[in-house]
Structure formats: C-alpha cells, structure tokens
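J.: Provided herewith is a single structure, encoded as structure tokens, for subsequent inquiry.
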Amino acid sequence: MDMFITLLHYTQQLKERETHDEASGGGGGRRAMWPQEGRRDKQRGLRRVEEIGGASGRQGRQHSFGKEGNKLTNTNQTAGALIENAWIGKDGDMCSAMLSCRNIHITNSKLQLEKPESSVGRILEPPLDEVVAAHLRCLWAMANKDPVEACRCQMILVTAFIKILQQQKDENWCLPVMYTVCLDVRLHAIKADKILSTKEHKNKKETLEKAAECLMSCFRICAADNRSSEEFTKRWGMLMLVNQMFKVYFRINKLHLCKPLIRAIEAFPMKHMFSLSQLVTYRYYVGRKAMFDCDYKSADTYLTFAFEKCHKTCLKNKRMILMYLVPVKMMRGYMPSKRVLEKYDLMQFWEVVEAVKQGNLQAFNATMEKHETFFVSYGLFLILERLKVNTYRSLFKTVCQMMKTHQIPIQVLLQALQVMGVSDIDLDETQCIVANLIYEGKIKGYISHQHQKLVVSKQNAFPILSSV
C-alpha cells in the first residue's frame, strides 16, 4: 500500500510540474474527455490495487519505487500487479507514471533488467508485456549510461504501444500514456544523437528522424479517429504530438514537414478546446515557421498570441518567444522599447533598433558583426539582415526631409550612402535600392531616369511600415 501511495503522490507532483514546464504558457486546460464508463473502471482498478497493497502490507512488506532504505521484496510481481490493475482499471495517469522515464521508480535497481522478457511474460499478458519489458530494459540502459540503447528500447516500447492504440475503439483513456512515451522517445533520441555525433556517424540526426516516424505513426491513428464521439475521440491527442514533431523538425531543419501537420490542426473544428499550454507551444512554432517563410503578418499574429498567453512566471519561455517576435515586429515597423529588452535580457537587439530608426548603415553593420554569433545561434541573422532595407528607407526619409522637396537627385542619395560607410556602390546600385523600396510600397513615388531624380508623393511619401 505504501508503494501505491508513494507513486500516486509523486504522479500528482509530476503532472503539476509538467503542466507548468510544458507551458510555454502555463495556464488553463481543457476539460477531461474521459469516458464515464472508463472512470468507473478506473475506480474499480484503484480498489483492486489498494487490496493488493493492503494484503502486501499485512504480510509485513514496505513498497516503494526507488526510495532509499525501503526493502522491496518481489518487486517485479508487485510492479506488475500495479500496472496490470491500472491498465484494467483504465487509469491512464497511473499507467503513464509507471511507463515514464522521468518518474522516481527509474532509480530502483531491481527494475533495471537487461533481459526482462521472461520475468514480465510470467506476470503480464500480451501485448502489455512487450511494452513493460521494453521499459524495464530502457531503465537498465539508462542506469548503464547507454542513451543509444535506451532510445532503441523506447522506440520498441512506442511501436508496441501503437499496436495497442490501434486496437482500442471508441475510447481515449490511454492518451496520457501516449503523451509520456512519445515525449520520452524524443528526449532519448536527442541524447542518442549527441553520442552518435561524437563518433564517425554519417547522419547525425538519424535517431531523431526515426523518433519522428514513431510520433507520426501515433499521429495518424489519432487523426484517423474521426468517427468516435467528441468525448471518446483520440483526436484530442493530435496537438501534443504535433508540438513534439515541431520540436524534432525544427531541430533537424526540415520545416517543410510542418505544413501537413498545421493543416490537420487548423481543420480540426474543436481546436480552440485544446489546453492553453499546448496552444501556446503550437502557435510559437507556427509563428516561427511563418517568419522563416517571410509571412510577417501571420508570424506577428501567432507569436503575439503565444507571448501574451504565456504564463507570467515562465520568463524563460516568454524570452524565447520574444526572441523571434522582436525581429518580426521590427520588420513590420514596430520598434521594441528598451525597457522590454532589458527585462528579458535581449539588449543585443537594442543597437539594431537604434541603427534602423536612425538610418545609420554603419552602426547597423557594426552591430550585426558584433552580435553575429548570438543571432546565428538562434537562426536570426538572415532575418535581421533584411532590416537593412528598412535602414535604407530611414536614411532616404531623412535626406528627403532635409532637402524639403519632393524631387531628390539620385546623386544625393548616393552621397548619403557613402557618408554612412557604403563605399562599394555606384549610381546604378543606388537606383536599384530605391526601385526595390518603391516596389515594396515603402516609398510612394517613381524614378525619373531622364533627370536622374527620385520623385516622391507630396502626401505620405513614406507610409508607415505596418500598413505596407
């Protein structure tokens, strides 16, 4: 009984911590979509577990998953009985905790078995025995600091679980189990790839790619479950899987694979009912992809939602969102305040902001060179380089205001560029820059080639960038 209470208590703590950490956004969750019948089975299962725990307690045993000082006899049989009864009782949360590689039971050496198949086969029936056996061998590999073998075992576990998921009709109580095993396979794959990257390995992202295939198999099952009722459908598991696959695809630089996943979520009629934390994560990645596709308006919408809905205590997550939201806002003509950048330790952007506003090309180039390592590490360097066009615009606007005329000689614009340190440029290149700004709608006017002048509109010659 002590073993069950300890695990149940830890499971609750784990759920609370995961809800907070996953957050990207923290906040509220969707109401539980578990079958009423499943709840009754769950209660019956809990009673059976209590009976087993009580009987074991009366026999003088102390049960604990990995706590020092507790002597555990018949560990495999006890653990087997617990997970079997949790499975029979359709207790997804309990099964999830028992199959998690981040639960306290992983420290129990008696559960770390190199060849668990025979022992597990005597306790559990197929196909659950294959899942548990793979988990126990994964614990053994983790204890021996072999992330490659641990990842291989976790993939076997997920493959076995997929077979179970396919067999279940009109029920979704096992979605918490799917969340756990899919998250673990991604984390194991990252560790495995780190080890393999230090060796002579051709494809340094091979393990993550295989993990993505496992996640996709689960996603297909969930997405195809469109005949079940709202309460019983497995489609509630789609968004979590999509977020996990986003993390993989961004890591292996295969963003084109995100498109079908985005279409699937956007086509789901009840997408607004997903938990807020999952929606924040989803919109963060969709916003990043839109930014890389140069769709700054959509990127602004998605990233702004993620930033505003992210829980105020998740400063690390809010900073990560702001890392991409700031360049997007700048591309649309909105400049961040120094106070916000100081709060989230993003002062690397402030010098860029100042240079763009002043039209100071020399300062812009110096800043980009100074913080090149930082911008490249977050994939922002090329995006920020595009701000040079806005810097040209600011410079030409200043020249136009100083000239106090709507006809500006191209030669004057060329001289302004040369003053700003752009030495390797001629009249034709200057005209090309001006023509691009006119084409993009950032300057209202035209070039008079006969008179070699830029003729700008007398009204609103330099429209605000957010309206472009």
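The values are calculated or read from the model by the stated rules, or taken from the named source; none is laboratory data. Values in this document were obtained by computation on a predicted structure and should not be read as measured data. Don't worry about glycine lacking a Cβ; one is built from the backbone with ideal geometry, like all the others, and counts go over all protein chains shown. With ligands, DNA and RNA removed, areas are computed over all heavy atoms of the protein, side chains included. Shrake-Rupley method; radii C 1.70, N 1.55, O 1.52, S 1.80 Å.
J.: In segment 293-344, which residue that is without any contact (Cβ under 8 Å) to a residue 40 or more places away in the chain and among the polar types (S, T, N, Q) is nearest to residue 257 (Cα to Cα)?
T.: Ranking the qualifying residues of segment 293-344, first place goes to 298.
J.: Sticking with this structure for a sec: Here's a check for you: in segment 344-378, which residue that is closer than 17 Å to residue 303 by Cβ and among the hydroxyl-bearing types (Ser, Thr, Tyr) is most open to solvent (accessible area, probe 1.4 Å)?
T.: It comes out as 378.
J.: If you don't mind, another one. Looking for something closer than 22 Å to residue 374 by Cβ and among the basic types (Lys, Arg) - is there at least one such residue anywhere in segment 278-296?
T.: yes
J.: Search segment 396-410 for residues that are within 17 Å of residue 450 (Cβ to Cβ) and pair each with any residue that is among the basic types (Lys, Arg) and surrounded by 12 or more Cβ atoms within 10 Å (Cβ to Cβ) when their beta-carbon atoms are under 6 Å apart and the residues are at least 6 apart or on different chains.
T.: Hits for this filter: 407/453; 409/453.
J.: Still on this model: Please specify each residue of segment 433-455 satisfying the condition of being touching a residue at least 24 places away in the same chain (Cβ under 8 Å) and touching a Ser or Thr at 6+ places or on another chain (Cβ under 9 Å).
T.: 441, 443, 445, 454, 455
J.: Does residue 259 satisfy the criteria of being more than 27 Å from residue 176 (Cα to Cα), part of a helix (DSSP H, G or I) and not aromatic (Phe, Trp, Tyr)?
T.: The answer is no for residue 259.
J.: With out of contact with any Asp or Glu (no Cβ under 6 Å at 6 or more places or on another chain), buried (at least 17 other Cβ atoms within 10 Å of the Cβ) and not polar (S, T, N, Q) as the only criterion, which of 235, 227, 220, 186 stands out?
T.: On inspection, the qualifying residue turns out to be 186.
J.: Still on this structure: Would you mind stating whether residue 192 is open to solvent by less than 10 Å² (accessible area, probe 1.4 Å) and either closer than 19 Å to residue 80 by Cα or in contact with a strand residue (DSSP E or B) (Cβ under 9 Å, 6 or more places away or on another chain) (or both)?
T.: Taking the combined requirement at face value, the residue does not satisfy it.
J.: Additional query: Which one is farthest from residue 366 (Cα to Cα), of the residues in segment 438-464 that are aliphatic (A, V, I, L, M) and surrounded by 19 or more Cβ atoms within 10 Å (Cβ to Cβ)?
T.: Top of the filtered list is 456.
J.: Here's something else I'd like to know. For segment 416-467, how many residues meet the condition of being of a type in the set (Lys, Arg) and over 28 Å from residue 334 (Cα atoms)?
T.: So the answer is 1.
J.: Of all residues in segment 167-179, count the ones that are open to solvent by 10 Å² or more (accessible area, probe 1.4 Å) and touching a helix residue (DSSP H, G or I) at 6+ places or on another chain (Cβ under 6 Å).
T.: Residues meeting the conditions: 3.
J.: Which residues, taken from segment 132-157, are open to solvent by 20 Å² or more (accessible area, probe 1.4 Å), in a helix (DSSP H, G or I) and under 22 Å from residue 199 (Cα atoms)?
T.: Hits for segment 132-157 are 142, 143, 147, 148, 149, 152, 155.
J.: Within segment 386-407, is even one residue open to solvent by 80 Å² or more (accessible area, probe 1.4 Å) and among the β-branched types (Val, Ile, Thr)?
T.: no
J.: List the helices (runs of 4 or more DSSP H) that sit entirely inside segment 274-343 and contain at least 3 residues that are out of contact with any Lys or Arg (no Cβ under 9 Å at 6 or more places or on another chain) and open to solvent by less than 30 Å² (accessible area, probe 1.4 Å).
T.: It comes to 276-292, 315-331.
J.: Residues in segment 231-249: is at least one over 15 Å from the mean Cα position of the chain (by Cα) and hydroxyl-bearing (Ser, Thr, Tyr)?
T.: Taking every residue of segment 231-249 in turn, at least one turns out to be over 15 Å from the mean Cα position of the chain (by Cα) and hydroxyl-bearing (Ser, Thr, Tyr).
Here is a yes/no grid of residues against (1) more than 22 Å from residue 286 (Cα to Cα); (2) more than 23 Å from the chain's Cα centre (by Cα); (3) of a type outside the set (Ser, Thr, Tyr):
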site	(1), (2), (3)
319	no, no, yes
330	no, yes, yes
340	yes, yes, yes
348	yes, yes, yes
353	yes, yes, yes
357	yes, yes, yes
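J.: Which count do you get for residues in segment 369-394 that are within 26 Å of the chain's Cα centre (by Cα) and either not in a helix (DSSP H, G or I) or not β-branched (Val, Ile, Thr) (or both)?
T.: Within segment 369-394, residues that are within 26 Å of the chain's Cα centre (by Cα) and either not in a helix (DSSP H, G or I) or not β-branched (Val, Ile, Thr) (or both) number 13.
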